[in-house]
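Enquirer: Below: one structure in structure tokens.
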Amino acid sequence: MLRALPDESVQLVYLDPPFNTGRTQRRATTRSVRDPDGAHLGFSGESYSRTVEALTSYDDTFADYWAFLAPRLIEARRVLRDDGTLYLHLDWREAHYAKVALDALFGRDCFLNELIWAYDYGAKSRRRWPTKHDTILVYVKNPETYWFDSEAVDREPYMAPGLVTAEKAARGKLPTDVWWHTIVPTSGPEKTGYPTQKPLGVLRRIIQASSRPGDWVLDPFAGSGTTAAAARGLERRSISIDAHPDALRIASARLDLPVTPYAG
Ligand SMILES: C[S@@+](CC[C@H](N)C(=O)[O-])C[C@H]1O[C@@H](n2cnc3c(N)ncnc32)[C@H](O)[C@@H]1O
């Protein structure tokens, strides 16, 4: 479906792909070359530098997660307008591989931000620091012309309101690249029952900053339709794609749209 969309047709792409949560194995192929400034010392006392030549990752679910995701990222970049922005939502398992992949795809100068969405909910491991954040990587198509409107973003309360003037405290502050935001409350109007549903508040910020009213917003892994719901509330137009019938059913009900199967 992504391939069917025209070049440079959407302002914003938000991708929240299935996380690579299966048992994951990775293999890195390295090559050592003699280098007087290299960090590794060989048997002969010579210095070597080591470069990673190839990186493969695979798991139970996808024979190669990156073989699955990379073509979709390439298409997502293609359909972005010149002033458009891509947000890729992952967690700590894949975020660093994604940074390398997106640097290669967009160019490092197109990297805008690494957003951390921090929440505090659910069971906590006692064997390591409990993992309670997701990572959202942000890339722009063109670092000279990209659209970003910080003034349009919902402001948030100061952590120490006593340190600023009453007017400032009342206005709230601009969010930084670390977003404390609750997960979707287990009861409440936002909950759809879709297992990996993201909060509307997170999508609202993304859409407010990186698009204008009337712009097209694309979500190729739409799930329960959070992006489309946030886009509609902010008067943007949206395209949602998902492979799962439950997602189509739930998102359609949420958006009050009829379910029309895609005929290819
Ligand atoms: C993490 S969920 C997205 C959740 C969504 N952001 C929300 O707020 O509800 C990932 C989605 O990707 C969908 N998916 C998995 N493989 C897909 C594929 N090949 N093409 C399209 N969607 C796919 C799944 O059905 C799932 O709904």
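Enquirer: Count, please, the residues in region 202-249 that happen to be near the ligand (Cβ under 8 Å from one of its atoms), at negative phi and over 14 Å from the mean Cα position of the chain (by Cα).
Expert: Number satisfying all stated conditions: 7.
Enquirer: Still on this model: Of these, 82, 109, which one is under 30 Å from residue 181 (Cα atoms) and modelled with pLDDT of 95 or more?
Expert: After ruling out the rest, the residue left standing is 109.
Enquirer: Mind checking whether some residue in region 182-201 is surrounded by fewer than 11 Cβ atoms within 10 Å (Cβ to Cβ), within 21 Å of residue 76 (Cβ to Cβ) and away from the ligand (no atom under 16 Å from the Cβ)?
Expert: No: zero hits.
Enquirer: Kindly indicate whether residue 179 is outside any loop (DSSP other than H, G, I, E, B), touching a His at 6+ places or on another chain (Cβ under 8 Å) and not polar (S, T, N, Q).
Expert: Judged against the criteria, residue 179 is not a match.
Enquirer: Additional query: So, residue 83, is that one in contact with a strand residue (DSSP E or B) (Cβ under 8 Å, 6 or more places away or on another chain), surrounded by fewer than 21 Cβ atoms within 10 Å (Cβ to Cβ) and assigned to a helix (DSSP H, G or I) or not?
Expert: no
Enquirer: With respect to residue 167, determine if the residue is among the acidic types (Asp, Glu) and at pLDDT below 95.
Expert: Criteria met by residue 167.
Enquirer: It is to be established whether one or more residues within region 137-151 are without any contact (Cβ under 8 Å) to a residue 40 or more places away in the chain and surrounded by 16 or more Cβ atoms within 10 Å (Cβ to Cβ).
Expert: Looking for residues that are without any contact (Cβ under 8 Å) to a residue 40 or more places away in the chain and surrounded by 16 or more Cβ atoms within 10 Å (Cβ to Cβ), one finds none in region 137-151, hence no.
The values are calculated or read from the model by the stated rules, or taken from the named source; none is laboratory data. Not measured: the values here are computed from a predicted model. A quick note on method: Cβ atoms are made from the backbone with ideal geometry, for glycine too, and the neighbour counts reach across all protein chains shown.
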